[in-house]
């Protein structure tokens, strides 16, 4: 920007259309380029000096800022005894659904995801080997490369304060700038969310150093910290551990409260550990929201046939990406802050992958094309009600487990929350209507904001009418609430 401003001034002063001025302008441009490169080099040196000072100060704090901590017990998933599916009574004729406003207890609005953390200052690029000489590793079937070579392997003398501080200083001076830049470039290229980025770093360091060790923990922590994320080093039972801070409360996982922040262990960790409380400037905790599709290499699943019971043309042959399914299998179930309803919003707001959408959406779109909103949504509702087999999570998984929409397409069984998450995704993507989740005690349904005049059980939110659609009320039309639901205790969960 500075160079452009200086050149623009030169153009005005010299007269860009003048032949006689052209030689003078070229001389001036050459001088400005030289001055700009000197300025940029000085700025780069300034950034590098700042990073060196910060890392030196951090290493000095690492030598003395350790304290004993005991893990806090993990917060269990809320007790939930999902209600079995109910079949809508059929008498041969479809009854008209009456318009019926419903009370609502609470509206839950999850926060909008913030931009991902970045390094405290730009990290200077160093001379590097060509791409083909970069270290290659695999992350959920996806081949990735980073500039990290054999000379950068290291061994630690132990995990005491002095050894950790010395290793940190060594890593800061070894030339990992390109490695950090490459890892951040991989985050951008594959649209990795924060959890995927942390998992990718662990996969890279484990493969590079021949296993998950103190050295791999240290290198993961260093790159993660330099990328802008909040972490703490810890030791216990003669081993080194990394703790990561989370914006979310992760269910069923022990954590350590350090200066009012929840930190979770990357991997197994003893309950009683010594934690280094040294903080890095402008560090930020990870978020477990997934804003974009994770662009992992495609490993196609087998085909699955899905068919609506009521509408013969509402059917699809669907495939998913098994690499993405494997990644979702590791995803921590969490809530944002202390609001358990945000858990389902995280799943429902995650977009469908290109592979799943590409096999599912064309046939469904053809089946609803040109239909009025109520009929189009009704067809999708019957599809989710009848094309999937219901089963309780505790019988399949041994406990409650919510699905991303993609997982419902992949696994043979699902329950009410999985169906509502999938249905909300279909309506938003295929019909373009807003959807909210509606949580009754032990049951999850949805409500759709039609722009047409549609009657039925409904909720008024911000002067907008959302009509109930229940994917577990088998055969029920748009606007019908499953029997036994206490609307006075229902909570609405807003979706994007």
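Bear in mind that the values in this text are calculations on the coordinates, not laboratory data. These numbers come from a predicted model, not from an experiment. Glycine also receives a Cβ, built like all others from the backbone with ideal geometry; neighbour counts cover every protein chain displayed.
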Subject >> Residues listed by number, the stretch 206-240, amide nitrogen under 11 Å from residue 274 label point at 7 Å toward C-beta >> reply: 234-239
Original post:
Roughly how tilted is helix 177-189, in degrees to the nearest 10 and between 0 and 90, from the longest Cα axis of the chain?
Top reply: 20 degrees
Original post:
Once the Cα gyration tensor of the chain is diagonalised, what are the square roots of 5 times its eigenvalues, in whole Å and ordered largest first, as equivalent ellipsoid semi-axes?
Top reply: 49, 32, 21
**OP:** Give the Cα extents of the stretch 357-496 along the principal axes, in whole Å, largest first.
**Re:** 43, 39, 27
**OP:** Extending each Cα 7 Å along its Cβ direction at residue 114 and residue 394, get the distance between those two points in nm, one decimal.
**Re:** 3.8 nm
Original post:
Hey, what angle do you get for helix 354-368 against the long axis of the chain, alpha-carbon based, 0 to 90 degrees rounded to 10?
Top reply: 30 degrees
Original post:
If you take the C-alpha gyration tensor of the stretch 209-365, multiply each eigenvalue by 5 and take the square root, what semi-axes do you get, largest first, in whole Å?
Top reply: 39, 18, 14
**OP:** Figure the gain on full extension for residue 106 and residue 329 (residue separation times 0.36 nm, minus the Cα-Cα span) and round it to one decimal in nm.
**Re:** 77.2 nm
Subject >> Cα-Cα pairs of the stretch 191-261 separated by more than 20 Å (percent) >> reply: 32 percent
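Taking the Cβ-Cβ separation of residue 474 and residue 299 as r and a Förster radius of 25 Å, what is the calculated FRET efficiency to the nearest 0.05? Spell out each step's value before the answer.
On the way: r = 33 Å, r/R0 = 1.33.
FRET efficiency, residue 474 to residue 299: 0.15.
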Original post:
Principal axis lengths of the stretch 342-412 from Cα atoms, whole Å, largest first?
Top reply: 43, 24, 24
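For the stretch 413-496, what class follows from the C-alpha gyration tensor (a ≥ b ≥ c being the square roots of its eigenvalues): rounded when a/c is under 1.5, otherwise prolate if a/b is larger than b/c, else oblate?
Values: a/c = 1.41, a/b = 1.13, b/c = 1.24.
In terms of gyration-tensor shape, rounded.
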Subject >> Exposure proxy order (Cβ contacts within 10 Å, fewest to most) of 283, 268 >> reply: 268, 283
**OP:** Kindly provide the Kirkwood hydrodynamic radius of the stretch 284-355 in Å, to one decimal, from all pairs of distinct alpha carbon atoms.
**Re:** 14.6 Å
Original post:
What ranking of 469, 269 emerges when the number of other C-beta atoms within 10 Å of each C-beta is taken as an exposure proxy, fewest first?
Top reply: 269, 469
Subject >> Linear extension gain, residue 56 paired with residue 452, 0.36 nm per residue minus alpha-carbon span >> reply: 136.2 nm
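Hey, what number do you get for the chain at 222 nm if only DSSP H runs of n ≥ 4 count, each worth -39500 (n - 2.57), divided across all residues, to the nearest 500?
Details: 13 runs with 177 residues, N = 496.
Only helices count here, giving -11500 deg cm²/dmol.
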**OP:** Using only the alpha carbons, work out the radius of gyration and Dmax of the stretch 106-224 in angstrom.
**Re:** 15.9, 58
**OP:** Just round it to a whole percent: the fraction of Cα-Cα distances in the stretch 228-305 exceeding 18 Å.
**Re:** 51 percent
**OP:** Could you work out how far helix 161-174 tilts from the main Cα principal axis of the chain, as a 0 to 90 degree angle to the nearest 10?
**Re:** 80 degrees
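Hey, fewest Cβ within 10 Å first, where do 223, 421 land in order? List each step's numbers first, then the result.
Details: 223 24, 421 29.
If I rank by nearby Cβ atoms, fewest first, I get 223, 421.
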